[in-house]
Every structure is written in C-alpha cells, then in structure tokens.
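Scroll down for the structure; my scribbles are underneath it.
Laboratory data are not the source of any read-out in this text; all were calculated from the coordinates shown. Note that this is a predicted model, so its numbers are computed, not measured. As a convention, Cβ positions derive from the backbone with ideal geometry for all residues, glycine included, and neighbour counts pool all protein chains shown.
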Amino acid sequence: MNTFIDLIDVTPATDNIVASVMAHREERNGWTRFQFREMPGLEIKCGMVLTCDTGRYTIISIKKIDEVYLQAVAKKVEPVYRGQTLHPLLGGSSALK
C-alpha cells in the first residue's frame with residue numbers, strides 16, 4: 001500500500017523531521033517494510049523513526065535496492081500510558097497499578 005511517511009531523527013531533547021516522502025508499505029509477521037526513493041545527501045540509519053497513517057515505527061534495518069530505493073524494516077512503537085487513567089469502554093483499564 002502506498003502512503004506518505006515522515007522520517008524522524010530522534011534525539012533526547014527533540015524529534016526532527018528530516019524528510020517527508022511517498023513510500024510503499026508492506027506488513028508481514030509483525031514487521032513492516034517501507035520502500036522509498038533514496039535522497040542524495042540524507043543518511044537514513046537504524047534507530048530513526050518513521051511515522052505514517054498507521055502509527056509510529058522504529059527502523060530496525062535499512063538496505064539499498066537497485067541503487068535507487070531504500071528498504072527499511074521497522075517495528076511498530078506502541079504508546080505507553082503512564083500516570084493516565086484509560087477509559088474502560090475504549091479498551092483501557094480504569095485502575096492504575
């Protein structure tokens with residue numbers, strides 16, 4: 001499926017969006033693959049984050065395909081709710097431990 005993604009360089013103080021591109025997304029066995037055109041002068045590396053319409057993903061591996069494209073294998077980052085009470089009807093627990 002084609003989707004727009006933001007490539008984010010995560011630092012302890014802030015998240016910096018380094019590029020917004022169109023990518024092909026494919027999901028298999030809990031992993032998600034994104035394929036997009038390589039951008040001259042921009043280094044994409046493991047640990048960077050991708051965001052798209054289905055969530056936020058951490059890049060686990062990156063490889064070049066056909067000297068034109070990059071393929072990133074990523075794992076979805078699930079949100080962590082700390083100190084918040086989740087609504088029980090929306091799938092959360094109303095009691096904090």
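Across all directions, the average projected area of the convex hull around the alpha carbons of region 2-90 is 7.5 nm². Counting neighbouring beta carbons within 10 Å and listing from fewest to most, the residues D15, D9 come out as D15, D9. Here region 2-90 is treated with +1 on each Lys and Arg Cβ and -1 on each Asp and Glu Cβ, and its dipole about the Cα centre works out to around 280 debye.
Annotation: the residues L70, L42, L7, sorted from fewest to most other C-beta atoms within 10 Å of their own C-beta, follow the order L42, L70, L7.
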